[in-house]
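Reviewing the structure listed below.
No value in this document is a laboratory result; all are computed from the given coordinates. Model, not experiment: these values are computed from the prediction. No Cβ is skipped: glycine too gets one built from the backbone with ideal geometry, and neighbour counts run over all protein chains shown.
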Amino acid sequence: MIDFDVIIGARTLESVFAEYPVARDFFLNLNLPPLDEKKPLAEALFDATDDWLLEFGLTRAEIPELFAEFLRTMTATQAARRVGSLTILGGRDKDGAPENIELRVEAGTVISIVGPTGSGKSRLLADIECLAQGDTPTGRRILIDDASIDEEERFRLEGKIVAQLSQNMNFVMDLTVAEFLEMHARSRAVGAAESGDASELINLCFECANSLAGEKFTLDTKVTQLSGGQSRALMIADCAYMSRSAIVLIDEIENAGVDRREAIALLAQSEKIVLISTHDPLLALGADKRVVIKNGGIFKILETSPEEKRSLGEIEKIDRLLYNARRTLREGGRIDNVGDI
Amino acid sequence: MKMITVAGPPSSGKTSVILRLAGSIKLKIGVVKFDCLTSFDKARYDDAGIPVQVGLSGKFCPDHFFVNNVEGGVSWGLRQDLDVLITESAGLCNRCSPHITGITSVCVVDSLSGVHTPRKIGPMLKFADIVVVTKGDIVSQAEREVFAWSVKQANGSAQILSVNGITGQGAFMLGKKVLEARDITSIEDTRLRFTTPAAACAYCTGETRIGEAYQMGMMRKMEFDG
């Protein structure tokens, strides 16, 4: 643990800013007039007026403490928890019948979730998202690295361990792709060293998103102007390279103009645990295992067999045929003979 | 009786979050809604069978109005034999906070409102124990992460929870926190976590004319460049 009280007490603001770029935000958030950065904080604060301090209900003595607290939080927020495995311990279905299952999923594995609409696929994703401990309507329990999670840990991990991707998600920021990626990179950088690596990461993310998207876009395209497929591609690439979450939950990303299989493979490669709720045979069979949901409960867990892998090849051909047909029509062509496309 | 103060910008989803919370815990909840001019939420609480009182501040400063009436709300809650009393208020000028020392405080913010919003909201968020982020299901994961980071910047010690006001996802985690809230029988002599705005000027008393001649009392003047 870094002792920020000592750092702040001993070093000039300039050197603290150099090492922790996020530190500047503390002063921006408080709307503090520019301080003399050649001095340590306590000394520099003598230049601040009492009026300003009063406005924020602060005292001179408090600010260094708050600043240290801020740095502790901002650096700790970034610490990612590695997850080696996720285990789902069965609960019960809508009628209360026990599921009697135990599914252990290791990092880098893809699991698909299939079942009729309304059968409970989203409920399973929700149980994983909140790291259910027998306290949701299904009674399921989620273990991380074979251990249950106590309340405190659960609240601490909220929003940090599970990333989500769904068809309903949109970009809402008025930023270009480059600015957007920079912003995300900045929010996860701990120190200056990591900020330095950002440009490499941004490029990697951008190129990957472009290779997943059917139509290309540039770094200065506004994220809000991306097509559905391009948005999805950028979200997936961002999730793979930038997000620290070890578990990715995907709810329906079919028909999005994205190379779906490539996208899922990318997430698995980055050592994430991927669970996809889907009606798409390509995604369902592309997974290592699939969970079949019926009447709110886990009905079956099937391993994708070698025969199914072969069938997957056939389905891919059909998918490619449909893709080419779509492209031909878009470009103003005719489809007189299916064999020609 | 437990007491929770819920604050958040207009239309951030406070009422939906409270309704979802009520649905996720098996306790008798009552709400005192503080608003300025109108409130359309009474019907929603009535429909859900949640006892509600609405207070409109009208021409009074909404924050001062809150402080002057919150104790009455507590007495009402005790008379109604509530398990949980929730005060709901919009921090209208983003300067104030209805949060009280020792009383669990919640700030509701909307992920669609822009990633820097948490850094602009002020004491309402800064002094909250729990920050509930709504509408996170429709923005990208990256924006959710940046938003949470922005909340951390403004309030490092708050618990951040994502709640979906439509499906109720996440409300049950909020419920767990509410159950941990302290039991109270009175809030007399407790303190606000932040001061309310200092103002006693001509405009506070109904003046509408513009001009130096009409400006009296406590005021602050901007300095313009050039």
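Helices assigned as whole DSSP H runs in chain A whose Cα atoms extend at least 24 Å along their own long axis and whose mean Kyte-Doolittle hydropathy is 0.0 or higher are found at A:62-78, A:192-212. One chain, two ends: B:Lys176 and B:Ser11. Fully extended at 0.36 nm per residue, the span grows by 57.0 nm beyond their Cα-Cα distance.
Counting, for every residue in B:144-157, the Cβ atoms of other protein chains within 10 Å of its Cβ and taking the mean gives 6. Annotation: amide H-H contacts under 5 Å for A:Thr176 (H modelled 1.01 Å from N, sequence separation of 5 or more, or interchain): A:Val223. Counting every pair of alpha carbons in the stretch A:4-78, the share spaced more than 19 Å apart comes to 26 percent.
Mean-square fluctuation check for chain A, GNM, Cα pairs under 10 Å: which of A:Arg92, A:Arg24, A:Arg260 is largest? In this elastic network of chain A, the residue with the biggest mean-square fluctuation among A:Arg92, A:Arg24, A:Arg260 is A:Arg24.
Put in line by how crowded their Cβ is, counting other Cβ atoms within 10 Å and starting with the fewest, A:Arg104, A:Arg123 read A:Arg104, A:Arg123. Full extension of the segment from A:Glu152 to A:Leu322, taken as 0.36 nm per residue of separation minus the current Cα-Cα distance, would add 56.2 nm.
Going from the fewest other Cβ atoms within 10 Å to the most, the residues B:Lys177, B:Lys126 appear in the order B:Lys177, B:Lys126.
Computed across chain A, the Kirkwood hydrodynamic radius from all distinct Cα-Cα pairs reaches 23.1 Å.
Listed cross-link partners B:Lys14/B:Lys126; B:Lys2/B:Lys28; B:Lys14/B:Lys59; A:Lys272/B:Lys152 are compared with a 20 Å cut-off, the Cα-Cα value being larger for B:Lys14/B:Lys59; A:Lys272/B:Lys152. Between B:Cys201 and B:Lys120, the distance separating the two model label sites (each 7 Å from Cα on the Cα→Cβ line) works out to 2.2 nm. For a straight C-alpha distance cut-off of 23 angstrom, the lysines reachable from A:Lys222 (same-chain residues fewer than eight places away being disregarded) are B:Lys135. The aspartates and glutamates within cross-link reach of A:Lys300, meaning a Cα-to-Cα straight distance under 15 Å and a gap of 8 or more places when in the same chain, are A:Asp93, A:Glu99, A:Glu102, A:Asp288.
Could you check which residue among B:Glu207, B:Glu71, B:Glu145 shows the biggest mean-square fluctuation in a GNM of chain B with a 10 Å Cα cutoff? Highest fluctuation of the listed residues: B:Glu207.
Sorting A:Ser187, A:Ser199 by the number of Cβ atoms found within 10 Å of their own Cβ, with the fewest placed first, yields A:Ser199, A:Ser187. Taking a label point 7 Å from the Cα of A:Asp220 along the Cα→Cβ vector, which residues of the stretch A:157-189 have an amide N closer than 17 Å to it? In the stretch A:157-189, the label zone of A:Asp220 (backbone N under 17 Å from the point 7 Å along Cα→Cβ) covers A:175-182. For B:Val52, nonlocal amide neighbours, meaning residues 5 or more places apart or on other chains whose placed amide H falls under 5 Å from its own, are B:Val31.
Each residue of the stretch A:168-173 was assigned a 3J(HN,Hα) from its phi angle through the Karplus curve 6.51 cos²θ - 1.76 cosθ + 1.60 (θ = phi - 60°); the sequence is 7, 7, 9, 8, 10, 6 Hz, with glycine and proline shown as x. In a fully extended conformation the segment linking A:Glu200 and A:Glu102 would gain 31.2 nm over its present Cα-Cα distance, using 0.36 nm per residue.
Scanning residues 5 or more positions from A:Gln164 or on other chains, those with amide H under 5 Å from its amide H are A:Leu249, with H placed 1.01 Å from N in the peptide plane. For B:Tyr214, project a label point 7 Å along Cα to C-beta. Then give me every residue of the stretch B:173-206 with its amide nitrogen under 17 Å of that point. Within reach of a label on B:Tyr214: B:200-206. Averaged over the residues of peptide B:125-132, the number of Cβ atoms from other protein chains lying within 10 Å of each residue's Cβ is 1.
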